[in-house]
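So the structure is just underneath, and the comments pick up after that.
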Amino acid sequence: MLKFVIYRRLADLSRPNNGWTKELNQVSWNDREPVYDIRAWNADHSKCGKGVTLTAGELAALREALLDWKS
């Protein structure tokens, strides 16, 4: 069974009409170190969709890439 702990909710990215919310959170999966996580969650965070996890370094690189792209 998948075990997770959401340490910090950082941002709601979108709210599709299905009632789920795509979020950026800091999550620990299966007792591992927390990572940054982008995925859809249901209202009570008991279910989640497929997503992507990023280390702090990967998140920083993504931020820089987005800032460069926007310029």
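Screening the stretch 32-71 for residues that are touching a strand residue (DSSP E or B) at 6+ places or on another chain (Cβ under 7 Å) and among the aromatic types (Phe, Trp, Tyr) and picking the one that is least open to solvent (accessible area, probe 1.4 Å) gives TRP41. Of all the numbered requirements in (1) at pLDDT 95 or above; (2) part of a helix (DSSP H, G or I), LEU67 misses one, and that requirement is (1).
Pairs under 6 Å by beta carbon, first residue under 16 Å from GLY49 (Cα atoms) and in a strand (DSSP E or B) in the stretch 17-37, partner open to solvent by less than 50 Å² (accessible area, probe 1.4 Å) and acidic (Asp, Glu), six or more apart or different chains? That search, which allows pairs on different chains as well, returns ASN25/ASP37; VAL27/ASP37. For the stretch 14-31, a tally of residues being open to solvent by 50 Å² or more (accessible area, probe 1.4 Å) and under 15 Å from the mean Cα position of the chain (by Cα) returns 3.
The values are calculated or read from the model by the stated rules, or taken from the named source; none is laboratory data. Keep in mind that what you see is a predicted model, and the values were worked out from it rather than measured. We place every Cβ from the backbone using ideal geometry, glycine too, and count neighbours over all the protein chains shown. Heavy atoms of the whole protein, side chains included, go into the accessibility calculation; ligands, DNA and RNA do not. Shrake-Rupley method; radii C 1.70, N 1.55, O 1.52, S 1.80 Å.
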